[in-house]
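The values are calculated or read from the model by the stated rules, or taken from the named source; none is laboratory data. The structure displayed is predicted, hence computed values, not measured ones. All Cβ positions, even for glycine, are placed from backbone atoms using ideal geometry, and neighbour counts span all protein chains on display. Note: accessible area is taken over every heavy atom of the protein model, side chains too, but ligands, DNA and RNA are not part of it. Shrake-Rupley method; radii C 1.70, N 1.55, O 1.52, S 1.80 Å.
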Amino acid sequence: MAEISRFYSRQTAALGPESFHKVQHLHVLVSGLRGPGIECAKNLILCGVGEVTIHDDTILSFEELASSFFLSSPSEIPKSPSGEKSKSSAPKHESGQKTRSQAYLGVLQALNPQVKVFSKEGRLDEAFISQFSLVIFTESNLSSLIHLNHFCRTKNPPIGFICCENWGAFGYMFVDFGPEFITYDKTGEENRSYYISNITKENPGIVTVYDRHYLQDGNYVIFKEVQGMEEINNTPPRPIRVVNNNSFSIEDTTGYSFYLKEGVAEHFKIPDKIRFKSLEVNMTKPTLVAENIRRAEHLHIITRAISEYAKLHNELPGLNNDHDASQVLLIAQSINESSKESNHLFVEEIDKTLLYKISHNARWQLAVFSAYWGGLLCSEVIKFTGKYTPLTQWMNYDWLDLVPEGKKNVITEINSHLAKSRGIIVGVGALGSEVLKLCVQSGVKDFIVADKGKIKQSDCHLLYSSEAIGQQKAMVACERLSAKDDHLRIRCENNDIAAIDISDNEWDGIHWVISAVDNHSSREAIDKLCVWHEKPMIEGSFSGTFGLCNVYKPFVSQSYCEAVANPEKPTSQEIIMNFPYNIDHCIEYAKIRFKVYFNEAVLELRTFLEDPTGHLALIPESEKYSKMHILYTYLEILQHNSYEECLKYSREKFTDFFHETISKLLQNYPQDCKDSDGKTFWTGFKKIPISTPFENTDDIHVQFVESFACLLAGVLGIAVGKIPAKDMKEGHSQLRTHTVADLQAILSAWKDQHFLSQVNPAYFDADNNIHSLFVYSLSTIRARCYKILEIDRFTTEIIAGNINGCLSSTCSIVASCICIELYRLFGHNNKNINFNLGSNNFVTYEPAKPKQNFSVDYHPELEAPVKAIPEGFTVWDKMKICGPLTLNGLIEMFNNQHNLKVNLISVAKKCLFNGFSEGNENMEKTFEELFSECRERGEKSLRIEVSCEENNTGIDVLTPVIKYILS
């Protein structure tokens, strides 16, 4: 992967190389740098847009400077650099003052040196706008933009046009990509391929596939590799209609040959034409995007009225100013009456309460709302490439439920709760960095930051520069934040939350926990701590254009582990090792081989070198042949200390992987093999492999041999030579002996050498050039053996490295949602949100209530009756018991108070009592004695889990976990 590709690996993983290439050639103008404008510019630059020009002639005030995350002191206002894109003369300002565009130019450029950032001063004219692919206006009057919108629409090709405003807890956005815009991929989802089990010969023909398909009526498919009904292979895409989860119908197939076996149906996306209407038309007859259309119609009239007020008075309505709000109401009523007469959009009666609430708060902006609109703006810019479905065309959105009633200082009211709170933020990658920024901007002063990861090149974004690569994420993030605000009280932890030493007293002072991690196991660990300590957890995650924010509130909603199902089970090892049918299986096979030869074998070798005799005695007989073979081989290569020997061995492994292994598989399962039911074995997803001999003229073959040799030399501490693998002659695997005597003979010759220090295992890293080349070459050759579609090296690295598609637009919106829900923790009802920016789907819903446990006559998992004590308890409930108490004392308490027989007692996965065996010496010891180290660490309680049954009936009983209070 080229260096610039590594920098943009996550963006490319989300968009695909072709669409990202288009993004890199976009020239975007952002006019207006207050709130949404600066957030949009930041996102565009992090996303990798080719050129960004910023424009805002407003003088940057010291108040704005103090509240800006990017500029925190007057000394940080950069001087205007030479070579600005604009040739117009800059207006003169007082000494030391800068416009917003001048002030932000340097810091925005520093976010991503790969993007060219310019500033423009003075009036925007048509000649200047003509040079852009797309223009964005965030602080311009609607009526004044009609002419510019018309100009953009008449250009060939049209210039994309977006305008947006954020007034307090309300905002709107309008999108126009021209009279005829083509989107080539409406969803952005990867085209799926489905292996066919049958195609009927009827009208219509029914296609049945092995796995569940995700097609919809009207989707198109193409067919490949079908045997028998070959008339449908490699023909133009055909529409389908869904029959069920495993079948869909196509055209009349009665005239085709009978289907025999195999075949693939691949989803094919048809380009779609969208006809956008102008801003002038949308002012009176808008195409609204909203869940509640009636409310959206009111908001549209109010938007026009506030914009008209700003045009007349050259400012927005005053904060909590009833006089200004009444003027806005008069304008809204006039617009509405005029619309009724003209048959334009109107409402029966203006919602005065809604209008006053928006007007009263139109002047202020909060970072969390600005981040939301900035993310949406960036998302629409990406869609201008033809990927995903653009917003069509007018969107209003609000969070007015967060605005306090009465004439209060809204910002102080909202931020005061956060300023008094203390929280934990786990994960400071792309999402965690955005969350940290917004938390600080929202007044949070006291928090713990935890992340054990180190910064990679693809992590360089908001808080990390290229100079920080290799350093701890949490440490660098905390240092950057502390430099911005020396009043912050940040505790930095370079570890997972489960490994952090947080005492019970410290947990008592925690008010919230934010999970910004990217894997299920980490979220599970965070959730368990939050449930135990009864703390709300806000979880955010995203991939590509998909994002979510979920809230798990003690006793109010489900916990994460209750709400989220376990991830899908991994593909079986039998498929990966013997019957791969897609490139992912080939890549996983390559990673397994990497681990076997450059990690596990090397660790085994190190252990052997430390104690040869003792280690050999511990190897099971069933594994002795394979393990001793590798040990002897590696020792022999070490003895020669020669890169040429590494090349020879890698050449042997080529024959082993791609010829001998496949030949053995075909011996066991010949091409005409039948299964136990008498059916053809090699059918469906099982592909008959073809053994492959080494060809020194094939670059992929040579890359495999050389990358294997380089890796082997690296782990054995041997200098890599310059012997080209393609010059090696055909050879055969050496018949190496591998007795204990052979191993000891090599060791005795090396007894005076400190060779142990040069043997070090490798751990797979997709960003490592040799690692990725090995996986790419091995997986590609294996794909050829199994006639699986090959992919390029970059895509291989994305899959092998489990790199999630990362778009700054999606990240910004998820971070915004997290912090909005953080506000809602203090006196408001929380909401969960799932969205897909690619298809403009936003789903907001109330968090589900926690699952209650009740007595039942039949429990499906236990296949027996179960009793719950107490009835209806949830995962948040605990049975509190105060110490001191012995093990026997706890058993007697359950017997006397609940008539229950205790069968098992465990603490921290350690079994203290098993009722099915005899007692132990700890039965009369108190829990304080058994876990004295917990008290020394400052812990106030123990988590005790018990398994019990009713004394009389023997029915299993479910109880809450015990919270044992240490005395």
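Summary table
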item	result
Heavy-atom accessible area order for Asp322, Asp176, largest first, 1.4 Å probe	Asp322, Asp176
Against the rule of thumb 2.2 N^0.38 Å, how large the Cα Rg of segment 852-965 comes out	1.10
Apportionment of accessible area to carbon and sulfur, the chain, percent (1.4 Å)	49 percent
Rounded to the nearest 10 Å², the accessible area of Ile425 at probe 1.4 Å	0 Å²
Greater than 28 Å apart at Cα, pairs in Lys340/Lys831; Lys22/Lys186; Lys116/Lys387; Lys595/Lys687	Lys340/Lys831
Burial order of peptide ranges 113-125, 845-857, 377-389 (average beta-carbon count within 10 Å, highest first)	377-389, 113-125, 845-857
Largest to smallest accessible area among Arg480, Arg782 [probe 1.4 Å]	Arg480, Arg782
Of every Cα-Cα pair in segment 193-268, the percent that sits beyond 20 Å	14 percent
Selection from Met879, Ser855, Asn896, by position along the positive dipole direction of segment 798-900 (Cβ)	Met879
Under Karplus coefficients 6.51, -1.76 and 1.60, residue-wise ³J(HN,Hα) of segment 184-197 in Hz, glycine/proline x	8, 8, 5, 10, x, 6, 5, 5, 9, 10, 10, 7, 8, 9
On Cα atoms only, tilt of 601-610 relative to the major axis of the chain in degrees	60 degrees
With DNA, RNA and ligands ignored, accessible area of Cys911 (1.4 Å probe; Å², nearest 10)	80 Å²
16 Å Cα-Cα reach of Lys880 towards lysines, excluding residues that sit fewer than 8 places from it in its own chain	Lys940, Lys963
Backbone HN-Hα couplings from phi across segment 875-885 [Karplus 6.51/-1.76/1.60, Hz, Gly and Pro as x]	5, 7, 6, 9, 9, 8, 10, 8, x, x, 8
Residue (of Gln441, Val115, Phe842) at the positive-pole extreme of the chain, dipole from beta-carbon charges	Val115
Distance from segment 97-139 to segment 650-707 (C-alpha centre basis), Å	57 Å
Rounded accessible area of Lys452 (nearest 10 Å², 1.4 Å probe)	120 Å²
Whether segment 459-556 is rounded, prolate or oblate, judged on the alpha carbon gyration tensor where a/c under 1.5 counts as rounded	oblate
For Ala868, residues with placed amide H under 5 Å, excluding near neighbours	Ser855, Val856, Leu958
Evaluated at q = 0.06 Å⁻¹: base-10 log I(q)/I(0), Debye formula over Cα of the chain	-0.58
For His511, distant residues with modelled amide H under 5 Å away	Arg422, Gly423
Largest to smallest accessible area among Lys535, Lys277 [probe 1.4 Å]	Lys277, Lys535
12 Å beta-carbon shell around Ser543, net charge (K/R +1, D/E -1)	-2
Dipole in debye (nearest 20) - the chain, about Cα centre, beta carbon charges: Lys, Arg +1; Asp, Glu -1	1640 debye
Relative contact order (%) - criterion: Cα under 8 Å, at least six apart; region: the chain	12 percent
